[in-house]
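To keep things clear, I will list the structure first and then write my remarks on it.
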Amino acid sequence: MEKRRKRGKFVLRAIDDINIIPDRYVFMNNPAPAISPPAGIGDHKPANQAVLDWVHEVEQLTQPENIFWCDGSERENDFLIAESLKQNVLIRLNEKKAPRSYLHRSNPNDVARVEQFTFICTPTKAEAGPTNNWSEPAETYSKLQGLLKGAMRGRTMFVVPYIMGPPDSPLTKIGFEITDSKYVVLSMRIMTRMGEIAVKRLGHDPKAEWNRGVHSLLDVNPERRFICHFPQDNAIISVGSGYGGNVLLSKKCLALRIGSYLARKQGWLAEHMLILGVESPAGKKHYVAAAFPSACGKTNFAMLIPPKHFAGWKVTTVGDDIAWMQIRDGRLWAVNPENGYFGVVPGTSCKSNPNAMKSIERDTLYTNVALTDDSDVWWEGKDGAPPKHAIDWRGMIGRRTRRKKRPILTAASPLRCAIIPCSIRMSRTATAFPSVRSFSVAAGAIPCRSFSRRSIGNTAPTLARPWHRKLPRPRPVRLGKSGAIQWRCCRSAATTSAIISGTGSKPVNG
């Protein structure tokens, strides 16, 4: 299409006019064509018979062309990236400006988490908690099996083993995700400890605890999009989406929704909280876990660089999103179960979050940002002047107007939902962050001295006064003689299932 305006000319034309084909056109046919790996790639089966039996059941239901057993190796990753480039799942970025980095575009109808189609499937509605959508388990299984029947014909079924948590932590959980999306596999490698490490931790015991996750793109139709959790079965099924939190079943699905149920049973806490360390000039270190609403600068806070008048203080990032915590020996210990960061990009700059910008200079997977003429990425709020031309998140070409020096088109997807403020994300391994904390303390756990919360109506931006001014005092952890935590916590909207209810965490005795 072409359009002109009297005051300042701009042009919109379909992406077909250039050589880059956006994912939305691929989705019209088969969004995930099968691939044929060479010998030695995709054939690392686990020895656990329970896993083999489960994969066989899903294979019989979905009928894929072949099965790809992931091991998390560099060779495997390079092969999947090459195949993703061939099938236009990824776009290679400028090697000088963004080394080993790629851009992914999801379907324009699939750019955010869908809370309205996210369900907790428990025997009774009360067990799902007052803030969650509930669905009856047997009926939901039947509906999902109908959608999955034959869904992977002509596709490759990937089996992704992973662990959430440091390898040596007693809180670490094992999961297997079945998916037909190469983007999911590549993202899981960033966000989790994926591959042989999980297979070895699971071992041969068929009765060992592990999470079963099944995902299929189907035809990426919003009317056939469901994310369903079965806490009693330690299982997750996601269909009809290819975006972020809907399909990376390790993150919100396991780490918070299923995790909060397991935590309540096993005596620990799964919370939507950042963890950071603060070291004084005298060398005293303290760790803090804090809950903030989504889209209020929580990641920026977790990666904080102390202001100049706090010279000598140091802040280290342990985690920016999820904390698993437990009382041991009268102390509260916490771990970040994730291995990478999956953050909102718009508004991120060297001024707002220099640590993040430094860390995404290379080896980064971008989703739904603009592509510039020199194959770099751009988004609203990024450092520097907006590009004269750019291909936006939908695959449309935008130009700057002569009157207003900004792109006519929105570079990053403007769609919002109750949880995610914008659909553009950046994925990066945690070890890349300059301030990241290594997990070497007490079997992968950090001793938290306190944690605080902010209610939804009292967000971080409104509290971002200069540090030398007095701020509202955070509510600390208080440990009674029994070792129980006495606390009140107003969780953000993102933690829809980590609530004080049937599937949410409760204060527990150590």
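The values are calculated or read from the model by the stated rules, or taken from the named source; none is laboratory data. As the structure is a computational prediction, the values presented were derived from the model and not from experiment. Cβ coordinates were reconstructed from backbone atoms using ideal geometry, including for glycine residues, and neighbour counts include every protein chain displayed. In case anyone asks, the SASA skips ligands and DNA or RNA and just uses the protein heavy atoms, side chains included. Shrake-Rupley method; radii C 1.70, N 1.55, O 1.52, S 1.80 Å.
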Of all trypsin sites (Lys or Arg not before Pro) in region 178-245, which ones are in loop regions per DSSP and have a Cβ with at most 10 other Cβ atoms within 10 Å?
Lys207
Using a 1.4 angstrom probe on the protein heavy atoms only, could you order Asp180, Asp376, Asp168 from most to least accessible area?
Asp168, Asp376, Asp180
Heavy-atom surface of region 117-213, accessible at 1.4 Å and reported per residue (Å²)
38
Any idea how far the Cα center of region 144-161 sits from the one of region 59-126, in Å?
14
With all protein chains present and a 1.4 Å probe, the order of His56, His44, His104 from largest accessible area down is His56, His44, His104
Within region 126-198, list the chymotrypsin sites (Phe, Trp or Tyr not before Pro) lying in a DSSP loop whose Cβ has at most 15 other Cβ atoms in a 10 Å radius.
none
Do any GluC sites (Glu not before Pro) in region 54-155 lie in a DSSP loop with no more than 12 other beta carbon atoms within 10 Å, and if so, which?
Glu95
Given 0.36 nm per residue, what is the gain on full extension from His309 to Ser36 after removing their alpha carbon distance, in nm?
92.5 nm
Ignoring ligands and nucleic acids, what accessible area does Val58 show with a 1.4 Å probe (Å², nearest 10)?
10
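If the limit is 21 Å between Cα atoms, which of Lys182/Lys358; Lys207/Lys252; Lys251/Lys351; Lys251/Lys298; Lys207/Lys265 go over it?
As for pairs spanning more than 21 Å Cα to Cα, those are Lys182/Lys358; Lys207/Lys252; Lys251/Lys351.
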With the crude spin-label approximation of a point 7 Å out along Cα→Cβ, what separation in nm comes out for Ala385 versus Asp43?
5.6
Could you give me the percent of Cα pairs per 5 Å distance bin for region 170-240, shortest bin first, beginning at zero and ending with the bin that holds the maximum distance?
4, 13, 22, 24, 19, 11, 5, 2, 0
Between Cys350 and Gln63, what is the label-point separation in nm under the 7 Å Cα-to-beta-carbon projection?
5.6
Have a look at Asn353, Gly343, Ile305 and report the one farthest towards the positive end of the charge dipole of region 294-355, computed about the Cα centre with Cβ charges (Lys/Arg +1, Asp/Glu -1).
Ile305
Rounded to the nearest 10 Å², what accessible area does Lys252 show when all protein chains are kept and the probe is 1.4 Å?
10
If each residue of separation counts as 0.36 nm, what is the full-extension length gain between Ala82 and Gln116 once their alpha-carbon separation is subtracted?
8.7 nm
What whole-number distance in Å separates the alpha-carbon centres of region 205-225 and region 363-393?
32
Each label sits 7 Å from Cα toward the beta-carbon; between Asp219 and Glu279 the label points are separated, in nm, by 5.7
Label zone at Arg75, where the point sits 7 Å out along the Cα-to-Cβ direction: region 91-117 residues whose backbone N lies under 13 Å:
none
Leaving out ligands, DNA and RNA, and with a 1.4 Å probe, what % of the accessible surface on region 145-288 is carbon or sulfur?
50
Listed residues Asp43, Asp363 arranged by accessible area, highest first, probe 1.4 Å:
Asp43, Asp363
